[in-house]
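Structure, as structure tokens:
The values are calculated or read from the model by the stated rules, or taken from the named source; none is laboratory data. Please read these numbers as outputs of a predicted model, since none were measured by experiment. Here the Cβ positions follow ideal geometry from the backbone for every residue, glycine too, while neighbour counts run over all protein chains shown.
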Amino acid sequence: MGMKLDEIEGVTEVLIRTPTREIVIEEPVVTSIVVQGQRMYQVAGGSSHERIPSTEPTLMEVPDADVKLVAEQTGKTPDEAKAALKESGGDLAEAILRLQKPKNQPQTSEDPGSI
């Protein structure tokens with residue numbers, strides 16, 4: 001059993017992500033090494049910097065079947081159902097409840113909470 005080395009051509013960036021930081025290595029030389037059936041990667045060279053992971057939500061794919069179900073259960077449009085699913089992180093029950101909840105109406109002088 002030998003060792004097989006292959007350089008991976010065209011790598012522009014390597015990202016190492018932990019819960020608290022990201023290490024970005026730009027323009028590295030990356031080699032794939034296989035030893036006794038075990039694949040490893042060697043990253044060399046390039047410039048590196050660290051950053052804090054983004055807290056922005058990732059784009060979520062919402063299954064069409066979920067959109068259809070939420071729209072049917074609430075009587076809302078598919079676009080409204082999809083938006084509610086995205087806001088709820090894909091939670092069907094939460095999306096349905098969000099759409100069934102009446103919208104807040106502006107308070108008038110007759111409302112007990114108005115000033």
May I ask you to verify whether residue 88 is surrounded by 13 or more Cβ atoms within 10 Å (Cβ to Cβ), on the phi < 0 side of the Ramachandran plot, at pLDDT below 90 and not aliphatic (A, V, I, L, M)? yes
Given the range 1-104, what strands (runs of 3 or more DSSP E) lie entirely inside it while holding 2 or more residues that are of a type in the set (Ser, Thr, Tyr)? 29-35, 47-51
Test of understanding: among 22, 27, 50, which residue is at pLDDT 90 or above and within 30 Å of residue 88 (Cα to Cα)? 22
